[in-house]
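Participant: Next up is a structure, given as structure tokens.
The values are calculated or read from the model by the stated rules, or taken from the named source; none is laboratory data. Quick caveat, the model's predicted, so the values are computed rather than measured. Note: ideal-geometry Cβ built from the backbone for every residue, glycine included; neighbour counts use all protein chains shown. When the accessible area is computed, the model is the full protein with side chains, heavy atoms only, and any ligands, DNA or RNA have been set aside. Shrake-Rupley method; radii C 1.70, N 1.55, O 1.52, S 1.80 Å.
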Amino acid sequence: MQLGIIGLARSGKTTIFNAVTRGAAQVGAYSTSSQPNVGVVTVPDERVDALARLYHPKKITYATIQYVDFPAAGQSFGKGEGPAGKFINDLARMDALIHVVRAFRDEAVPHPETSVDPDRDIQTMDLELAFADLAIIERRLQRLETEIRSLKAGERERPLRLQALLERLKAGLEAETPIRAQQLSDDDRHLLEGTQFLTAKPLLLLLNIGEEDLPRRHELEAEYREKYRGPGRDVAVMCGKFEMDLNELPDDEAAEFRAAAGVTESGMASAIRASYHLLGLISFLTAGPDECRAWTIPAGATAPEAAGKIHSDLQRGFIRAEVIRCEDLLAAGSEAEAKKRGLLRTEGKHYVVQDGDVLHILFNV
């Protein structure tokens, strides 16, 4: 899973990146880096740890998330001209976007627009991403028009349907409705296969506040969530500098500072939780003497789809899955005892995997 961190100049996005990934990327008011910073975060999971204590496996594997901190866009960004082509292509490869919105005040790092205004910056970024999608649609419509003219009448049905769909998406974008918030049928999504629209991607607005606002963190989150939460879009609040500084301390000391500031979890844990929720992801588990592991899948995935996450052969030759809740297995103390208690059950190909299920896949290829 790849999450792209974006933001206007001097929003503190690289500070957020360092806070979440425990990285040490260069930060500064006038950083001129042109290459993205990339960091892989291991997702802490107490269930994996508990299973490892039960099985003593040779290997323990946690789920991971890759965060990509993109450099600030060019001088045209924020002026209605849309982001540059390479920037769009790089963002298109991301599974979701995190827009870091500046809400802190620091005279040493002046805002490019001279004043701190989160609402203005959110609207600016929304417009820029919409401009990028509109440009893609315009080019696609031009090609379609030429293609349709060259086709025989009986060959025009699919291109005409795609043309109508793109016109509808264009009208929605011009009315300031991102594609993620527009109604799309399964057929629509099939027609758009291979097209990576930026406003179709899940988007997390991450409000980067100052330390003085930490006591108001939950209040600010509720305020901005009420204004901006929508289909595929959510809001979180973090003080990037506070969290980045705490990364330099031992875990126990960092926990004391967080408690004193009224912060109940680390910035990394908060970002991971928000990321999973935004993307609609859950984790299932596999356990045994060789390996205890967490696997990330979309909520609603079936047992064969989960099996395919482990290996394509398991999905192709899926017979059934033996399923037990992690907490039930831990309470029983062993698989044998769990079977005696009737806690382990057999599920077929239509079973929808739940977060925290421990699976054993039976297959034949």
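Participant: Among (i) 1.30; (ii) 1.01; (iii) 1.14, find the value of Cα Rg over 2.2 N^0.38 Å that was calculated from the structure presented, and write down its label.
Facilitator: Computed from the coordinates, Cα Rg over 2.2 N^0.38 Å corresponds to (iii).
Participant: OK, next. With each label point set 7 Å from Cα along the Cα-Cβ vector, what nm distance links residue 160 and residue 291?
Facilitator: 5.2 nm
Participant: Still on this structure: Can you grab the distance from the C-alpha centre of the range 261-300 to the C-alpha centre of the range 92-150, Å, no decimals?
Facilitator: Result: 29 Å between the Cα centres.
Participant: If you take every DSSP beta bridge fully contained in the chain, what fraction is antiparallel? Give it as a percent rounded to 5.
Facilitator: 50 percent
Participant: Next question. Under a Cβ-only charge scheme (Lys and Arg +1, Asp and Glu -1), can you give me the dipole magnitude of the range 220-306 about the Cα centre, in debye to the nearest 20?
Facilitator: Roughly 560 debye for the range 220-306.
Participant: Quick check: pseudo-label points 7 Å beyond the Cα along Cα→Cβ at residue 349 and residue 127, how many nm apart are they?
Facilitator: For the pair residue 349/residue 127, the computed spacing is 5.2 nm.
Participant: Next question, about the same structure. Under 14 Å from the Cβ of residue 250, count the other residues' Cβ atoms, weight Lys and Arg +1, Asp and Glu -1, and hand me the total.
Facilitator: Here the charged neighbours net out to -4.
Participant: Check cross-link reach from residue 58 to the aspartates and glutamates: straight Cα distance under 17 Å, and skip same-chain residues fewer than eight apart.
Facilitator: 49, 290, 291
Participant: Return the FRET efficiency for the residue pair residue 362, residue 331: r is the Cβ-Cβ distance, R0 is 35 Å, and the value is rounded to the nearest 0.05.
Facilitator: Result of the calculation: an efficiency of 0.90.
Participant: Label the range 60-200 by shape, choosing from rounded, prolate and oblate, from the square roots a ≥ b ≥ c of the eigenvalues of the Cα gyration tensor; if a/c is under 1.5 it is rounded, and otherwise prolate applies when a/b is larger than b/c, oblate when it is not.
Facilitator: prolate
Participant: If you count only protein heavy atoms and use a 1.4 Å probe, how large is the accessible surface of residue 229, to the nearest 10 Å²?
Facilitator: 120 Å²
Participant: Then there is this: Accessible area per residue, 1.4 Å probe, Å², for the range 181-249: what's the number?
Facilitator: Result: 50 Å² per residue.
Participant: Please sort by residue number the trypsin sites (Lys or Arg not before Pro) in the range 88-118 whose DSSP state is loop and whose Cβ has at most 10 other Cβ atoms within 10 Å.
Facilitator: 93
Participant: Shifting gears a bit: In terms of the Cα gyration tensor, with a ≥ b ≥ c the square roots of its eigenvalues, is the range 152-289 rounded because a/c is under 1.5, prolate because a/b exceeds b/c, or oblate?
Facilitator: Taking the square roots of the gyration eigenvalues as a ≥ b ≥ c, the range 152-289 is prolate.
Participant: Checking the a/c ratio against 1.5 first, then a/b against b/c, what shape does the Cα gyration tensor give for the range 220-296?
Facilitator: Oblate shape, in that a/c is at least 1.5 and b/c is the bigger or equal ratio.
Participant: Return the Cα extents of the range 239-365 along principal axes one, two and three, sorted largest first, each rounded to a whole Å.
Facilitator: Projected onto the principal axes, the Cα atoms of the range 239-365 cover 53, 31, 24 Å.
Participant: OK, next. Counting pairs of alpha carbon atoms under 8 Å apart in space and at least six apart in sequence, what relative contact order in percent does the range 125-265 give?
Facilitator: Computed value for the range 125-265: 21 percent relative contact order.
Participant: Could you list the GluC sites (Glu not before Pro) in the range 109-190 that lie in coil according to DSSP, counting only those with at most 12 other Cβ atoms within 10 Å of their Cβ?
Facilitator: Listed in order of number, the matching sites are 176.
Participant: My understanding is that a pair violates if its Cα-Cα distance is over 28 Å; which of 59/309; 59/86; 201/227 do that in this structure?
Facilitator: Violating the 28 Å limit, Cα to Cα: 59/86.
Participant: With each pseudo-label sitting 7 Å past Cα toward Cβ, what's the residue 219-residue 260 distance in nm, one decimal?
Facilitator: Placing both labels 7 Å beyond Cα along the Cβ direction yields 2.2 nm.
Participant: Going through the range 297-365, which trypsin sites (Lys or Arg not before Pro) have at most 16 other Cβ atoms within 10 Å and a DSSP loop state?
Facilitator: Within the range 297-365, the qualifying trypsin sites (Lys or Arg not before Pro) (loop, at most 16 other Cβ atoms within 10 Å) are 341, 349.
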